[in-house]
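This report concerns only the one structure given below.
Computed from the coordinates by the stated procedures, all read-outs in this text should not be read as laboratory data. Please read these numbers as outputs of a predicted model, since none were measured by experiment. Ideal geometry is used to build each Cβ from the backbone, glycine not excepted, and the neighbour counts take in all protein chains shown.
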Amino acid sequence: MMQMKSFLFSIVTASNCASFAQDTLQKKVERYTLHFQETTVSQYRPEFHAAYTGLHSQTTENQWATTITSSIFAGVKLWPQAQVVINPEIAGGHGLSSAYGIAAFTNGEAFRVGNPDPTIYLARGFFRQLISFTKEREWQDNTDNKIEQYIPTKYLSFTIGKVSVSDYFDDNTYSHNPRTQFFSWGLMSNGAWDYAANTRGYTPSIILEYISKKVELRYALSMMPETANGNTMDKNVAKANASVLELKYNYALRGLIGKISALVYYNTAFMGSYTAQNIVVVPDSSTPTGQKKEYTITASRQYGRSKYGAGLNFEQAITRHLGLFARASYNDGKNETWCFTEIDRALSIGASLNGSSWNRKQDVIGIAYCQSGLSNEHRNYLAAGGLGFMLGDGKLNYGPEHLFEAFYNLALWTDRIGASVAYQFIMNPGYNKDRGPISVYSIRMHFHI
C-alpha cells in the first residue's frame, strides 16, 4: 500500500512539475521588446463651395493628399520593473491643404509641417521604473514599448524622457489610435485639451502614475514649444510648461468593462492673446509708404499668458463585440492655441463593433460624431482676419464645426496587416458657415510586427 501511495504521489508531482514547466514556457519573461509599424493614409476631397478663402483655409479645388509614417519600438529591461525605450520614426507627406482649414482635421497621421519630404527623428526616448505596492502580479504581453513580463497589479511608476503625452492620458479603447481606429483629430482625444507637444506630437516630460485595478491617477509636467506648433522646445521651463492631472475609474457592469476619466490641465508659454492689439507694421514695396499693417497674434506674444481646461472621457462595452464612447472638453480660449488644434469646446460620441457577427472577428467598423466650437475671444479674432496656426479664412460667419466619420478596418493577416476605408462629412469647416460642406474619402494601409 505504501509503495502504491508513493507511486501515485510521484505521478502527481511529476504532473504538477510538467504543468508548471509548460506554464513557464508560455509565460517566458523577456528582456527586450522590438516592434515595427508602417501606416499610409491617402485622402481625396472633392471640390466644394466657399464664399471666400484665406491663407489658412482649405482650398476649394479637388485634392489628393498622402502621408506615410514608419516607427521602430525598441525597449530593454535594465533591472526588475525598469526599462529604457527608444522610438526612431520617419514621416513624410502632408494633409489636405497642408492641414489647414478644419479644426477636427481629417487625418491623425498628418502633421502641420510644410516640408513633405520624408524626415527621420526620435519620436520617443524615455526611462520608466515601476515601484510595487503589492505581491499580486499580472501578465503583461510584449507590445509596443512594453516588455513581456509579470507586473504588479498595484504600483507607482516614474517616467522621464521624450514621450507622447497622449499615450498616457485621455486613452480610450474605441477611439484613440488614428493608425487603426478613427482618422479625425477630434476623435483621437479631447479636442479642447491643448496637450503639450512639438509639431509631430512629442515632448520631454516627467510622468508620475499610481495604478491599481480600479483607480488610476496620473500627473505630467512637460516642456512647451518656443512658438505655436513649433518643433523646438522652450528651454525656459520656469515660464513655459504644461501640467495635466487625470483620474480614471475602471469598473465592470454585468461583467462588461467600462471606464470613466477626468483630466484638468494648465499650460503657460510665450503665447499671444486673442484680445490684445495684434496689429504690426511690415515692409511692403507695393504700397506708397513701403509698409503695410497686418493683423497677427504674434504681436502680443509674451511670457505669463496661459490656457487652462478640463475633459471627460467615457467608454462602455455593451456586448463582447460592441462598445460605446463619449468625450467632452473645454478650455478658457482667451490665449492662442499652442500645440494641438484650434478647438475650445468639444463633444464627441460614437460606437465601435468588431466583425464577430459576420465571422470576421478582427475586423472593426466604427461610426462617430464630433462637434467643435470656439470661445468668443477666439472667434472674434478669426472674424477680424486673424490667423491661427490652423485656421484663418480672412473673415468668419461663425457656426460650430460638425464632423461625421464612419470607417471599416479589414484585417488582411490577423491584426498585423490591415486596410481601412473611411468617409467623413464636415459642416462649417473652420467654424465658417460660408464654406463647405466638405466630404473626405480615405484609404489606410497599416502594417505592424
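Given a Förster radius of 60 Å and the C-beta distance between residue 425 and residue 79 as r, what FRET efficiency does 1/(1 + (r/R0)^6) yield to the nearest 0.05? That pair, residue 425 with residue 79, gives E of 0.70.
Grab the other residues whose beta carbon is less than 15 angstrom from that of residue 193, score K and R as +1, D and E as -1, and report the net. Result for the local shell: -3. Pairwise alpha-carbon distances in the range 88-208 exceed 17 Å for 66% of all pairs. For the range 30-448, the convex hull drawn through the C-alpha positions has a volume of 142 cubic angstrom per residue. Residues considered: 286, 166, 356. Largest GNM mean-square fluctuation over the chain, using C-alpha springs under 10 Å, is found at 286.
Of 56, 448, the sequence from fewest to most neighbouring Cβ atoms within 10 angstrom is 448, 56.
Assuming a viscosity of 1.567 mPa s and a temperature of 4 °C, what translational diffusion coefficient in µm² per second does Stokes-Einstein assign to the range 301-449, Rh being the Kirkwood radius over Cα pairs? Rounded to a whole number, D works out at 74 µm²/s. Please give me the summed charge of the neighbours of residue 424: other residues whose Cβ is under 13 Å from its Cβ, Lys and Arg +1, Asp and Glu -1. The answer is 0. Each 10 Å bin from zero up to the one holding the largest Cα-Cα distance in the range 283-354 carries the following percent of pairs: 15, 26, 20, 18, 11, 6, 3, 0.
Near residue 128, once Lys and Arg are set to +1 and Asp and Glu to -1 for all other residues with Cβ below 12 Å from its Cβ, the sum equals +1.
Taking 359, 335, 409 in turn, the Gaussian network model of the chain (Cα-Cα springs below 10 Å) assigns the largest fluctuation to 359.
When the Gaussian network model of the chain links Cα atoms closer than 10 Å, the mean-square fluctuations of 50, 192, 242 top out at 50. Given R0 = 22 Å, the distance between the Cβ atoms of residue 306 and residue 232 translates into a calculated FRET efficiency of 0.60.
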